[in-house]
Amino acid sequence: MEVDERAVAADRDTSIRAGGAAPLAAPRGPDGARRTGTGAGLLIYLVLGTLFGVVLMKAQVVSWFRIQEMFRFQSFHMYGVIGAAITTAAIALQLIRRTGLRAGNGQPITIPPKEMGRGTRYWLGGTLFGLGWALVGACPGPLLALLGSGLGVFAIVIASAVAGTWMYGALRPRLPH
């Protein structure tokens, strides 16, 4: 298969003009197709995930005491972190929509509208999520950071989260959506 160098260059230029950069984790192979799952690409995600875990630990976002303070309305710390995350996500989504930013493979990034229906799945799912968060003292995001910091008991929580996700996938066709 012959590689169309102009198409490769145009794809890269479009990505850069859209505010992105040439993809680090999905380089092109000799046939022009993007290679995914390469060791170097996976290493980038491992390093970024580790750095994110360090940031979560240093910001005390994974602290059981901080989470309990939030649920007892005793501290603004976690509300400030969550508010900053929501603000950052809102700005990023607007930039993606307004600039027509494309994914690393050149496909347009689209965000489908939510189907509210009666909203039951949102308030019920949110309630279950919040109860689990309050009982465990951690949301799913920092579980690996907690395990990596030496709190081995979180291996049970991670296994339970995976089992719950699997169970939802198995029961999803029978659940009211």
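Using Cβ counts within 10 Å as a stand-in for footprinting exposure, how do Ile111, Ile156 rank, fewest first?
Arranged by neighbour count, lowest to highest, Ile111, Ile156 become Ile111, Ile156.
May I ask for the distance between the Cα centers of region 154-177 and region 78-146, given as a whole number of Å?
Answer, in whole Å: 18.
Arrange the following residues from fewest to most other Cβ atoms within 10 Å of their Cβ: Arg97, Arg118, Arg102. List each step's numbers first, then the result.
Details: Arg97 12, Arg118 8, Arg102 18.
Ranked by crowding around the Cβ, least crowded first: Arg118, Arg97, Arg102.
Calculate the FRET efficiency for Tyr122 and Ser149 from the Cβ-Cβ distance with a Förster distance of 25 Å, rounded to the nearest 0.05.
It comes out at approximately 0.20.
Across region 113-177, what fraction of all alpha-carbon pairs, as a whole percent, falls in each successive 5 Å bin from zero upward?
4, 15, 21, 23, 16, 12, 6, 3, 0
Counting other beta carbons within 10 Å of each residue's own, what order do Glu115, Glu69 fall into, fewest first?
Sorted ascending by nearby Cβ count, the order is Glu115, Glu69.
Quick check: pseudo-label points 7 Å beyond the Cα along Cα→Cβ at Tyr45 and Met167, how many nm apart are they?
Once both label points are built, they end up 2.7 nm from each other.
Only the coordinates and a few stated rules stand behind these numbers; no lab work does. Since the structure is predicted, the reported quantities are computational estimates derived from the model, not experimental observations. So basically every Cβ, Gly included, is an ideal-geometry build from the backbone, and we count neighbours across all protein chains shown.
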